[in-house]
Amino acid sequence: MKKIASVTPEQFKSITEDKRALKRFVKRPQNTKIEAKWSDLSPGKLSTLEENAVYLLQEGNTSNGKGKEVNPTVLMVSRDQDGKKIAYQSEVEDTFLQEIAKEVPLDIEKLVNRKKVQDLIRQYAIGDKKEEKFPKIEMEKPLKDKDALFFSVTSTDTATNWGAGNLKGKIDMKTGQINIYKRQVDGENWSKNSWVLQKETNLQELIKGQDIAPAFDYTKEMSQKYETYLQAQKNENPEQTNTILDRLTAENAYFMFKEDLVQDHGLSQEEVKKLERQVINTFHSRKEPTPEEKFKEAYKQQLQEALEEPQSEQTYKEQYKQEVLKQLGFSPSKEKAKEKEESKDKEKTTSGVQMKKETQEEREKRLQQMKEFESKQPFSKIYQLKKEVLKELKDLPLTDAQKAKLTQLEKALDQEKKSYDKDHSKETGIKKFFKGAKEKKAAKKKRAEYELER
């Protein structure tokens, strides 16, 4: 699909609402019928098209008397008020295409680098010859300060016919003129041969009707999608699911877009790699923060963590208190309809006895959060927080059984602290022993070396 013109958002709105405005735009007489409708192009295809542009969708042709004449059709692309890309298609006159063709020059240098365009040139060069005998086209680099590009299509039968089947070509990089030459060998003197012009065409005629879009139509959008993918890749954190999903979404959007350009629009792998290199260079060459800016950011983060830490400790204490109250046999208080009962509940709340009502799933989530907090804190901090909670609960109006249970929990906590201290001191002692043995061995070795020198 080839871009052939531009259309402003105002024009697009006018021609989709008023067929008279549409007929003036596509150069159709006012007294003739016109086929126009909203396009059913897939979102994937539509995303590859530049907005505010007109593309050639179908060329006109005749059916040699077997059917009515088919008029050329164009596709107009814009965006609606919600920012969604939309397209409208309509029939046009041949004169419209001819006038537009004069206004839109081809980017010949970019087009001839595309595999799909090179394949069209190869097919044109070999004509009705067997394609398997001419499987490959080789493009030469244009000579310095020259406006011509040369290429060759070599026959697989060159060993038997002394290269008589070889073809060469020349492309004028200004006009797009393509000349095809064939090698001819002198029958009487095989050492003599010459290149004879066989046929000629123009690049614009060759790609006419083909689904090949100029590279500049998609460079900007492709660059943006690739940069979004690189940024999502940089921000990805294995511990944060949302960052992984962002990276997968950006990756899928870019690679689908790229695949569509390569397969359906003839974009070459060389063009893709060149564009990716440009984006990567721009992406990585952005200004790095100065040491002063890094220090400010680190200080800001440290301050934020310091402000959040007391809050997280308080949350842990509340969660642990909830668990201890459950073990002491307290149950969640129920709402009372009478004012008298409500006042009693208030008294319980102020005394700290009232519990939150929670489901089994909520309890498991709370216990999991407690474990995560404990894994990030030293044992001494956890022990201190739990002791504070147990001390607070001792002031509650407890039954004898609840007091005994609370004492039992506190003893278990103290025993856990003793075991931890013992294991920790043992580990420290072992480290000291090995450190001392290592130092003795080093000193002994040093003395031996000294004796040897004497």
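The values are calculated or read from the model by the stated rules, or taken from the named source; none is laboratory data. Here the structure is a predicted model, which is why all the values come from computation and not from measurement. We place every Cβ from the backbone using ideal geometry, glycine too, and count neighbours over all the protein chains shown.
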Can you name the number of the only condition in (1) closer than 16 Å to residue 47 by Cβ; (2) at pLDDT below 85 that residue 226 fails?
(2)
Of (1) modelled with pLDDT of 85 or more; (2) part of a helix (DSSP H, G or I); (3) over 14 Å from the mean Cα position of the chain (by Cα), residue 242 fails just (3)
Using the structure shown, decide if residue 119 is over 43 Å from the mean Cα position of the chain (by Cα) and modelled with pLDDT of 70 or more.
no
Might you let me know whether the stretch 186-199 holds any residue that is modelled with pLDDT of 80 or more, within 22 Å of residue 268 (Cα to Cα) and not β-branched (Val, Ile, Thr)?
no
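Look at residue 268 and say whether it is modelled with pLDDT under 75, crowded, with 16+ Cβ neighbours inside 10 Å and among the hydroxyl-bearing types (Ser, Thr, Tyr). Can you show your working first?
Details: modelled with pLDDT under 75: yes; crowded, with 16+ Cβ neighbours inside 10 Å: yes; among the hydroxyl-bearing types (Ser, Thr, Tyr): yes.
Yes: the conditions hold for residue 268.
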Name the residues in the stretch 114-128 that are within 12 Å of residue 138 (Cα to Cα) and out of contact with any helix residue (DSSP H, G or I) (no Cβ under 8 Å at 6 or more places or on another chain), would you?
118, 119, 122
Subset of the stretch 57-72 that is in contact with a Ser or Thr (Cβ under 7 Å, 6 or more places away or on another chain) and at pLDDT 75 or above - its residue that is farthest from residue 42 (Cα to Cα):
58
